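Notes follow the structure.
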């Protein structure tokens, strides 16, 4: 296979606004309304199977099994994870919705469950899973496909499909697979070129010519009203719902996306070497990566080339430049210095003004879109002057467009109960929205209401256009956390004292520190740390503390407190009345102490190998919420230093919704005899640990309303690792 293809078809100037011939339009996201239940059932079945087949077909571009197992980039799992992940997502959500009881493959549905990227862009930890073979994952996907088709044909359906309708999970799974169709295509683009192949159904655009000279289009002032109603007839992710209104001042927008040719001027001017054009975070990324040009550019003895998904081609100078936010922002700063004007990226609101002025409409089902979008044309970008949309080009399509807007919740935002980790972890001021979709953005991704956000150093099929506009006002994120579960955890960890019971996370940290005696207090692991109070308290004595929790939403509050020094949340007073709370880090710790804490997302039953060397492990109210607690209890010694203390606390509230009964540590009969949890702990820990203290009853109170509380006793035991 030739690794370099020439793109030498040049469009005549008078053809610049004509549409290229489109392929058969790929199925659009279906309406959630209708009068014919059976027709809707078959429409969703077709949408599911078409999406599933297209996802399978994407992985057919991989020719060597090494492409599945060697990471494309250090921040993501290897591709084998993403091959299995979308099927696992379906199963896990269908279980959550009560549509299936028995799992297809519990091991896979744990291994392939969590795909959230590391919080730190320079985290180079290696994957630690014993991945299955490609054939095993293919067989698993086939099983899940059969299950879902059966469920679609047999599950009772009523219209419209709303948030609380179990059928919402089918749409959620399909749209989730669209997300990973795109993110997996990026990882394939970053994989070793010798391990991928070109296929006709993934053929890139073969057209390129002279890049147009960018100029500006005046966008008049106007109002923007966005946000979906909760009865919107199309599926959406939770961040799309609610309402937002803004008055946008007049500005000037670049007519075209920034092309490779235009970006080359920045590269040749030494833009990657001149630190004054880079914001602080961007400069950290630049110094770490030592980047000298965009990631997908290749400088060779043949001149500049471009890496596509499955090919390397001669540089198509009139295609949009694929860059991350940091690079886009540095270009804007450089251009501003050249022009003597305030050049920056547009905001989300300004993008909607451009879409309004350009007359952008939602995609019609059955018709090809007037944009390089939804895989209606080719499997790559195309010239920036190919798709005219009013006076602008590519307001939607070709590549995603970075904005200056850090994603935030609209007013009346609600977390969807079936996928509570989708958006909440991104409300941290560090994830910027991009708009418009790329050539491979399908389904929900292609709609004007779509709101996707990535960390600024990440690469998608994303580029940018610039605007000349007034200086931005300081962005304000979500002032108060309103999700009930998160607010209750925030109050439990950082709130008031109730019923004369001491703060539980603080009490546990004090017990743990006391149990250490005169032993070294170097590293501590707070596993199941939730929103992090015990982690901060342990850091007052330990040199370093790692707080790990399965839920990224919970960790996010601890990270917010650590970085911003404050959290704000609302708690229920009575009925729909709420009380608003503000808690500051300085109320209980100083910044130096807080900096000793590192929060990470992780699975206690499947921890990464780098989590080791601990003098203390605190597992607070954790074991009765694990799907297989023995995996934690029989391996935790591998993480500890000899003589280290393992502190386990739990009210022993064993529930089959969390843990299958055969996996309970205690609280059940075995061979007709009663086995308490303490008995089970002794049996599992005896090979490596000695019980040195406890059991000790530690009370805690969870506040539900101003007049309703849960009062519980947790049993604490301390175990010394013999080493």
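The values are calculated or read from the model by the stated rules, or taken from the named source; none is laboratory data. None of these values were measured; they are calculated from a predicted model. Here the Cβ positions follow ideal geometry from the backbone for every residue, glycine too, while neighbour counts run over all protein chains shown.
Restricting segment 553-584 to residues that are part of a helix (DSSP H, G or I) and surrounded by fewer than 20 Cβ atoms within 10 Å (Cβ to Cβ), which is modelled with the highest pLDDT? My answer is 563. What number of residues within segment 454-475 are surrounded by 22 or more Cβ atoms within 10 Å (Cβ to Cβ) and either in a loop (DSSP other than H, G, I, E, B) or within 16 Å of the chain's Cα centre (by Cα) (or both)? Number satisfying all stated conditions: 6. Exactly one residue among 538, 511 is buried (at least 18 other Cβ atoms within 10 Å of the Cβ), within 18 Å of residue 698 (Cβ to Cβ) and out of contact with any helix residue (DSSP H, G or I) (no Cβ under 8 Å at 6 or more places or on another chain), and that residue is 511. One residue alone among 671, 603 is surrounded by 16 or more Cβ atoms within 10 Å (Cβ to Cβ) and assigned by TED's automatic domain parsing to the domain that holds residue 517, and that residue is 603.
Would you check if there is a residue in segment 285-294 being in the same structural domain as residue 331 (by TED's automatic domain parsing), in a helix (DSSP H, G or I) and touching a helix residue (DSSP H, G or I) at 6+ places or on another chain (Cβ under 6 Å)?
Yes, segment 285-294 has at least one match.
Contact map, segment 660-688: residues that are farther than 16 Å from residue 632 by Cβ paired with residues that are assigned to a helix (DSSP H, G or I) and at pLDDT below 95, Cβ distance under 8 Å, separation 6+ or inter-chain. Pairs shown: 668/661. All conditions in (1) at pLDDT 95 or above; (2) over 21 Å from residue 253 (Cα atoms); (3) in contact with a helix residue (DSSP H, G or I) (Cβ under 8 Å, 6 or more places away or on another chain) hold for residue 380, with the sole exception of (3).
In the set (1) in a loop (DSSP other than H, G, I, E, B); (2) closer than 21 Å to residue 352 by Cβ; (3) modelled with pLDDT of 95 or more, residue 445 fails one condition alone, (1).
Only one of the listed residues (692, 698) is over 37 Å from the mean Cα position of the chain (by Cα) and either assigned to a loop (DSSP other than H, G, I, E, B) or at pLDDT 95 or above (or both). That residue is 692.
Taken as a whole, the structure leaves residue 223 outside the set of residues that are in the same structural domain as residue 364 (by TED's automatic domain parsing) and assigned to a loop (DSSP other than H, G, I, E, B). Only one entry in 177, 201 is surrounded by fewer than 15 Cβ atoms within 10 Å (Cβ to Cβ), touching a helix residue (DSSP H, G or I) at 6+ places or on another chain (Cβ under 9 Å) and assigned to a helix (DSSP H, G or I), namely 201.
Considering only residues in segment 229-267 that are under 24 Å from the mean Cα position of the chain (by Cα) and under 25 Å from residue 439 (Cβ atoms), the one that is surrounded by the fewest Cβ atoms within 10 Å (Cβ to Cβ) turns out to be 234. Is at least one residue of segment 633-652 more than 21 Å from residue 523 (Cα to Cα), without any contact (Cβ under 8 Å) to a residue 60 or more places away in the chain, in contact with a strand residue (DSSP E or B) (Cβ under 8 Å, 6 or more places away or on another chain) and not in a loop (DSSP other than H, G, I, E, B)? So far as segment 633-652 goes, no, none of its residues is more than 21 Å from residue 523 (Cα to Cα), without any contact (Cβ under 8 Å) to a residue 60 or more places away in the chain, in contact with a strand residue (DSSP E or B) (Cβ under 8 Å, 6 or more places away or on another chain) and not in a loop (DSSP other than H, G, I, E, B). In segment 140-155, the count of residues that are without any contact (Cβ under 8 Å) to a residue 24 or more places away in the chain, in contact with a strand residue (DSSP E or B) (Cβ under 6 Å, 6 or more places away or on another chain) and not in a loop (DSSP other than H, G, I, E, B) is zero. Residues considered: 324, 412, 333. Of these, the only one that is modelled with pLDDT under 95 and farther than 22 Å from residue 210 by Cα is 412.
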